Amino acid sequence: MAQPAGRTPCDATPRMRHTLKDWLPIVQWGSRYDRSTLVADLTAAAIVTLLLIPQSLALALLAGMPAQTGLYASMLPIVVYALLGSSHQLATGPTALRSIMSASAVGAVVASTGADFLATSALLALMCGVIMLAMGLLRLGFVASFLSHPVLTGFISAAGLLIAASQLKYFLGIPIKAGNVPELLGSLQALPAGPHMPTALTGLAGLALLYASRRWLKSLLLSAGLGQGVADLLHKAAPLFILIGFIALSWAMDLGGRGVAVVGKVPSGLPSLSLPSWGDAPLQLVQALLVPTILISLVGFIESVSVSQSMAAKRRERIDPDAELRGLGAANIAAGLTGAFSVGGSFSRSVVSSDADARTPAFGIFTAAILAITALFFTPALFHLPQAVLAATIMVAVHSLLDFGSFARTWRYSRIDFIAMALTFVVTLMVDIVSGLATGAVVSIVLHLWRSSRPHIAEVGRVPGTEHYRNILRHEVHTMPGVMGLRVDESLYFANARYLEDHVSAQMASHPDVTDLVLQCTAVNDIDASALESLKTINARLRDAAVRLHLSEVKGPVMDRLKRSDLLDQLSGQVFLTHHQAMTAMEQARSDPAAAI
């Protein structure tokens, strides 16, 4: 086919050109930064910080880290992402899912190696950063598709339950472990006494207030006559005000002296930059962390890019997955170097930033600045904060991770996807988070291979009065004696090549009158080397049985590859542009035996 004047064949396919704006998005949005954007970003930063302060403290405890590391994870990592990330509303920092995954992975490695927990958590963040940054540089953002939505849903729902269970020791004041369900049940059975009542009452009060403020506060404020903007601001700031209230209550009633665990002394100041400790056997430690690191990196990227894309879609903005990998990777490296833990994109805080009209990633830089001021001057005020209230903060936040309705929807739609979802959910709850996610990924890939290894192959006939051909079992169609049309509804590759051979052999055995077989390749997007050999085998067997093999509707890229093989030279029949042309040629040949096909 002739090319349009002035164009070459290469021009037909657009190519990605990476410029400085691609590698440093700040160059693009920074060049048009103005006063109105500054005001919007400052406002969004202030609102997000109100939510981030209590969350960062709670998520640090969830990750098994000191409370101040939650603030560390919310400063330099946010700044680094703002420089490299492509999302204008993504609120990076500690998240519940990454915190529990970090705690689970690091806890297992520390138990087997005896390494320091804090240094190992920082090392895990550093390794996550290196892997994600390398993936971004190599443009491997597509690997996120290897984890299916049902697997992620099953994993996140189970992780949400484990996150809530892990907070029971703070919420009830009892020494229990909750890495999985058997461990939780064993810990509960071994308890010498019940919950610590002052702690449990504090936790329940915090849970009730946090849930009520999240569920009803905004509507109550609006009904009281407050404006939309004021009501929205107070609603978002409610968790911080509740924490301040409990700090005052704890100080006034000396809850710490009554046995209620409090945060205690939180060091003031900013984090220092340093490499995490590698221990006495650095290679062994890195090897032990490698698999969890890869899984945490994948889940963190998928979680973050999903949030980014949903936020960007509302404003018709573009998200670059590879830039997100680079930004999140650099943010995790920053977290590891500042003694924090693995970070990612938070859905709840990103929604808040979007609603607050964050215009550019600069809102994250302003957020980090406000947190730095908090870390410098206000951490002593956190001394009397009850840990049970922080646990309640996580329990309320984790509600958004639970999606049990998707199990019923998936069961109705696809039993195979439900199997992958259910196995992921069960293994995550019964074994651990890393094993659950790995099981889900492997099972989904295996089930996909199994499903595609048995492609749907339909015998087709012509719909009366049209040139369309449909499944003879589903439609009233016309077929031609001695001619069979088979539509293969899958690309052909090594896993299903033998299945196609067997199916064709079975069809020929049950239809001995067939003299021409037409394979309709409408859905065949690829034919690998194994499938090519199978087509040659089918062609040879049919020739020996005096049956001609024809191909129809072969796609251009597939035909280009077939032309580089000897299949077309060996083919006993012809290749037709459309299936209707093939059947018309067969019909003419039968009406005129002298005509050649």
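No value in this document is a laboratory result; all are computed from the given coordinates. Keep in mind the model is a prediction, meaning the values are calculated, not measured. In this analysis, Cβ positions are derived from the backbone assuming ideal geometry, glycine residues included, and neighbour counts consider all displayed protein chains.
Computed values, structure above
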{"read-out": "Ordering of 331-341, 215-225 by packing [mean C-beta count within 10 Å, highest first]", "value": "331-341, 215-225"}
{"read-out": "FRET E, pair residue 290, residue 212, Förster distance 41 Å, beta-carbon r, rounded to 0.05", "value": "0.40"}
{"read-out": "The chain - percent relative contact order, Cα under 8 Å, separation 6 or more", "value": "22 percent"}
{"read-out": "Kirkwood hydrodynamic radius (C-alpha pairs) into Stokes-Einstein, region 398-486, 20 °C and 1.002 mPa s, D in µm²/s", "value": "130 µm²/s"}
{"read-out": "Share of Cα-Cα pairs in region 214-292 lying beyond 23 Å, as whole percent", "value": "61 percent"}
{"read-out": "Antiparallel DSSP beta bridges within the chain, as percent of all bridges there, nearest 5", "value": "50 percent"}
{"read-out": "Relative contact order for region 287-416, counting Cα pairs under 8 Å that sit 6 or more residues apart, in percent", "value": "20 percent"}
{"read-out": "The chain: angle of helix 117-137 to the longest principal axis, Cα-based, in degrees nearest 10", "value": "40 degrees"}
{"read-out": "Dipole of region 240-364 [Lys/Arg +1, Asp/Glu -1 at C-beta], most positive-end residue of 249, 262, 295", "value": "249"}
{"read-out": "Potential lengthening between residue 188 and residue 137 on full extension [0.36 nm per residue; Cα-Cα distance subtracted]", "value": "13.6 nm"}
{"read-out": "Pairwise centroid distance, computed over Cα atoms, of region 43-108 with region 545-597, Å", "value": "61 Å"}
{"read-out": "The chain, dipole about Cα centre (Lys/Arg Cβ +1, Asp/Glu Cβ -1), debye to the nearest 20", "value": "1100 debye"}
{"read-out": "Square roots of 5 times each gyration tensor eigenvalue, C-alpha, the chain, largest first, Å", "value": "58, 28, 23"}
{"read-out": "Value of [θ]222 nm, deg cm²/dmol, for the chain, DSSP H segments ≥ 4, -39500 (n - 2.57) each, nearest 500", "value": "-19000 deg cm²/dmol"}
{"read-out": "Spherically averaged projected area of region 56-207 from its Cα convex hull (nm²)", "value": "11.4 nm²"}
{"read-out": "Among 513-521, 147-155, the order from most to least packed when residues are scored by Cβ within 10 Å on average", "value": "147-155, 513-521"}
{"read-out": "Cα extents of region 147-213 along the three principal axes, largest first (Å)", "value": "44, 35, 11"}
{"read-out": "Those aspartates and glutamates that a straight Cα-Cα span of less than 14 Å connects to residue 169, excepting residues fewer than 8 apart in one chain", "value": "183"}
{"read-out": "FRET efficiency, residue 315 to residue 270 (Cβ-Cβ, R0 35 Å, nearest 0.05)", "value": "0.60"}
{"read-out": "Histogram of C-alpha separations across region 459-584, 10 Å bin width, %", "value": "13, 48, 34, 5"}
{"read-out": "Residue-span extension gain [residue 201 to residue 561] - 0.36 nm each, minus C-alpha spacing", "value": "122.5 nm"}
